[in-house]
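Q: My questions all concern the structure below.
The values are calculated or read from the model by the stated rules, or taken from the named source; none is laboratory data. Keep in mind that this is a model prediction, so the values were computed, not measured. Virtual Cβ from ideal backbone geometry, glycine too; neighbours counted across all protein chains shown. SASA here: full protein model, heavy atoms, side chains in, ligands and nucleic acids out. Shrake-Rupley method; radii C 1.70, N 1.55, O 1.52, S 1.80 Å.
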Amino acid sequence: MAKLQMKSGFERKMRLPLILTLAHSIIKKIGLTEYIDNTVLWDPAHWDVSPGNLALLLVLSTFSDIRTPLTHLEYRFEGIDLEFFLSTASRSASINSFKAGRTLERIGKANPEKMYETLALSAVAQAGIPTERLHVDTTTISFYGEYDVEQLNLTKEERDELLQIERGYNKDGRPECKQVVVGQIVNESGVPILQKVQDGSTPDVNWNAAAVSYLKEIQGKGFQYGIFVADSKLVTHSLVESMNEPGSRISFVSRCPPNFEGKLAEHCILRAYEKDSWEEFGTFQEGKKAASYRGQCFQEEVCGAPMRLLVLESLALKEKAAAALEKSRDMLKPEIKKIGKKVFLCQADAEEEQKRFEKLPCTKLYQCSWIVEKETKEKWPRGRRKAGAVPKIEEKYRLRAKAISQKEKEAEYDLRKNSRIVLISNVGEEVAGNRKLPQTYKGQQVVENSFRELKSPSMASVIYLKNPERIQALSMLLSFALLVRAIIQYRMREGLKKFKEKHPGEVLRAGWGGRNLERPTYKLLYEHSANCYF
């Protein structure tokens, strides 16, 4: 029998996941490593891995599905051939979280937002990605813990400028956590053009004002971006005036808020109802559940400039308004139950309570008819009754709900108002027709998708950093990772477009569940390439 032989010096095979090599090739073309090494302050004599290489690894680590904290690079790249990604000088060095943290601090001191802007605009130009519209929105990133301001040795002026991690309206559904607000401007392909980390209680209006200023700045440098799209927080008197200034005019589309310029949206809805001259737009998406729209457009002068006000109506909006109407009916029931438990000593008190109920906000669309019930009770004095004693009669009154009925006129008005929305725009009809305008506005979903990726577990949705510079730097690198994802997705869709031009009518069953490939996403590629590696 042959002796069992044991091999000494066993070495694990190193792997290169396909998705990492693809991301790395794009990052290399953009020049992230060289740009960071040339921008931040560092001494090669004291760094065995350059800040640029460490930043590269932080970005690449978001492309893996390992649920470990983002800064623990030594675990996230276990079994992966790091030498493939690093420059020659850094290949023999060890990678750990301390070095990653030090890199984030250096990037944080070098104006990470400006660095991102330079890299993003360069990447868009390099990849030849057209920008016909820009979308803006904000989200929150939650934190556990807080950095110790006392240990930072800051002057009063520096403390005032310090990024404030604080409680505010939390879009993560984590009201117990402190947060920062992240604002992004992305193009129609989902490429983040600008990202900015702000104090945790920063309102959307402030970010929109900053976004308008930024657009004017890049517009002055010759960057063409087409139409600016944002939610209703963009539409304030001062911002609308600013976007219509001669010489720096910004073409925009937004939703007209209810209280803007003396309830302008409500007036337009009522006008459309009276005129009843609707233009059918059809659907803007494919699928059985796609809503069909129709609209009426009006021209008015708003904030000293000519504006288009497009009233939109759809079955989906009507159903939503009807559901809200039914919900307001349900809000009556707890109030009716409370009143049913009350006891009144006279009929006048019961009638007064009825009047109070009719003034409640929940009775705006519904009314309740009441019955006043009288209860009488004989009350005899204690002890033996004397001859001819008469009991004292006690009277009590209660309110009982008889029926809940809808206020027809008010309910019809409410349905009319809430089953329609109004879009406001300074874009001429020759640039974007009536059907094009809502189609442009509905593209706002692209920024929501970007935020969804930013907050996914692999992108560090809850960050445990206590240094404000690290937070700003890490947010910049996370946005850069989104930029790379968006470029991959754009190239996939452009490739599919060219394939269909060469092979018209051919079905390419590479979508989810073997379905025909229509609009490939980065996520589709990621899932399909999970087991593909060199």
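Q: From the list Glu351, Glu274, pick out the single residue that is without any contact (Cβ under 8 Å) to a residue 24 or more places away in the chain, within 19 Å of Glu412 (Cα to Cα) and either in contact with an Asp or Glu (Cβ under 9 Å, 6 or more places away or on another chain) or of a type in the set (Asp, Glu) (or both).
A: It is Glu274.
Q: If a residue must be outside any loop (DSSP other than H, G, I, E, B) and open to solvent by 40 Å² or more (accessible area, probe 1.4 Å), how many such residues does the range 298-310 contain?
A: Adding up the residues that qualify gives 4.
Q: Another one. Of all residues in the range 486-521 being without any contact (Cβ under 8 Å) to a residue 40 or more places away in the chain and of a type in the set (Phe, Trp, Tyr), which is least open to solvent (accessible area, probe 1.4 Å)?
A: Filtering the range 486-521 for residues that are without any contact (Cβ under 8 Å) to a residue 40 or more places away in the chain and of a type in the set (Phe, Trp, Tyr), the one least open to solvent (accessible area, probe 1.4 Å) comes out as Phe499.
Q: Right, something else. Within the range 13-56, count every residue that is outside any loop (DSSP other than H, G, I, E, B) and charged (D, E, K, R).
A: Here the count works out to 5.
Q: Right, another one. Among the residues of the range 315-342, which ones are in contact (Cβ under 8 Å) with a residue 60 or more places away in the chain and within 30 Å of Pro438 (Cβ to Cβ)?
A: If the condition is that a residue be in contact (Cβ under 8 Å) with a residue 60 or more places away in the chain and within 30 Å of Pro438 (Cβ to Cβ), then Leu317, Lys318, Lys320, Ala321, Ala322, Ala324, Leu325 are the ones that fit.
Q: Identify the single condition in (1) under 15 Å from Leu478 (Cβ atoms); (2) open to solvent by 20 Å² or more (accessible area, probe 1.4 Å) that Gln126 does not satisfy, given that it satisfies every other one.
A: Of the numbered conditions (1) under 15 Å from Leu478 (Cβ atoms); (2) open to solvent by 20 Å² or more (accessible area, probe 1.4 Å), the odd one out for Gln126 is (1).
Q: Then there is this: Report the residue count in the range 85-119 for those that are assigned to a helix (DSSP H, G or I), open to solvent by 10 Å² or more (accessible area, probe 1.4 Å) and either at pLDDT below 85 or of a type in the set (Ser, Thr, Tyr) (or both).
A: Here the count works out to 7.
Q: If you don't mind, there's one more thing I want to ask. I need the full set of residues from the range 388-420 which are under 53 Å from the mean Cα position of the chain (by Cα) and either at positive phi or polar (S, T, N, Q) (or both), in order please.
A: Those that are under 53 Å from the mean Cα position of the chain (by Cα) and either at positive phi or polar (S, T, N, Q) (or both): Ser405, Gln406, Asn418, Ser419.
Each row is one residue, and each column tells you yes or no for (1) in a helix (DSSP H, G or I); (2) at pLDDT 90 or above; (3) surrounded by fewer than 17 Cβ atoms within 10 Å (Cβ to Cβ).
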{"site": "Ser189", "(1), (2), (3)": "no, no, no"}
{"site": "Ser238", "(1), (2), (3)": "yes, yes, yes"}
{"site": "Ser254", "(1), (2), (3)": "no, yes, no"}
{"site": "Ala265", "(1), (2), (3)": "yes, yes, no"}
{"site": "Gly282", "(1), (2), (3)": "no, no, yes"}
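Q: Can you name every residue in the range 522-534 that is part of a loop (DSSP other than H, G, I, E, B), open to solvent by 80 Å² or more (accessible area, probe 1.4 Å) and not hydrophobic (A, V, I, L, M, F, W, C)?
A: Here is the first cut: in the range 522-534, the ones part of a loop (DSSP other than H, G, I, E, B) are 529-532, 534.
Now restrict to residues that are open to solvent by 80 Å² or more (accessible area, probe 1.4 Å): 531, 534.
The one that is part of a loop (DSSP other than H, G, I, E, B), open to solvent by 80 Å² or more (accessible area, probe 1.4 Å) and not hydrophobic (A, V, I, L, M, F, W, C): Asn531.
Q: Just one of the numbered conditions (1) aliphatic (A, V, I, L, M); (2) open to solvent by less than 30 Å² (accessible area, probe 1.4 Å); (3) touching a Lys or Arg at 6+ places or on another chain (Cβ under 9 Å); (4) over 18 Å from Arg255 (Cα atoms) is not true of Leu332; which one?
A: (3)
Q: Here is a follow-up. Given Ala348, Ala323, which one is open to solvent by 30 Å² or more (accessible area, probe 1.4 Å) and under 30 Å from Tyr293 (Cα atoms)?
A: Only one candidate passes the filter, namely Ala323.
Q: Please find, among Gly295, Gly282, the residue that is under 30 Å from Ser242 (Cα atoms) and of a type outside the set (Asp, Glu).
A: That would be Gly295, the only listed residue that is under 30 Å from Ser242 (Cα atoms) and of a type outside the set (Asp, Glu).
Q: Only one residue in Glu313, Glu326, Glu351 is within 30 Å of Asn244 (Cα to Cα) and of a type in the set (Asp, Glu). Which one?
A: Checking each option against the conditions leaves just Glu313.
Q: Six or more apart or on different chains, Cβ under 9 Å: which pairs go from a residue in the range 396-411 that's within 14 Å of Gln367 (Cα to Cα) and open to solvent by 50 Å² or more (accessible area, probe 1.4 Å) to one that's at pLDDT below 85 and assigned to a strand (DSSP E or B)? Could you list them?
A: As it stands, the answer is none, since no pair meets every condition given.
Q: Checking the structure you have, find out if any residue of the range 284-294 is in contact with a Leu (Cβ under 7 Å, 6 or more places away or on another chain) and assigned to a strand (DSSP E or B).
A: Looking for residues that are in contact with a Leu (Cβ under 7 Å, 6 or more places away or on another chain) and assigned to a strand (DSSP E or B), one finds at least one in the range 284-294, hence yes.
Q: Considering only residues of the range 192-236 that are basic (Lys, Arg) and surrounded by fewer than 21 Cβ atoms within 10 Å (Cβ to Cβ), which is farthest from Pro130 (Cα to Cα)? First the steps, then the outcome.
A: Here is the first cut: in the range 192-236, the residues basic (Lys, Arg) are 196, 216, 221, 233.
Now restrict to residues that are surrounded by fewer than 21 Cβ atoms within 10 Å (Cβ to Cβ): 216, 221, 233.
Working: Lys216: 19, Lys221: 17, Lys233: 26 Å.
Checking each candidate, the answer is Lys233.
Q: Taking the range 361-387 on its own, how many of its residues are surrounded by 10 or more Cβ atoms within 10 Å (Cβ to Cβ) and more than 60 Å from the chain's Cα centre (by Cα)?
A: The qualifying residues number 4.
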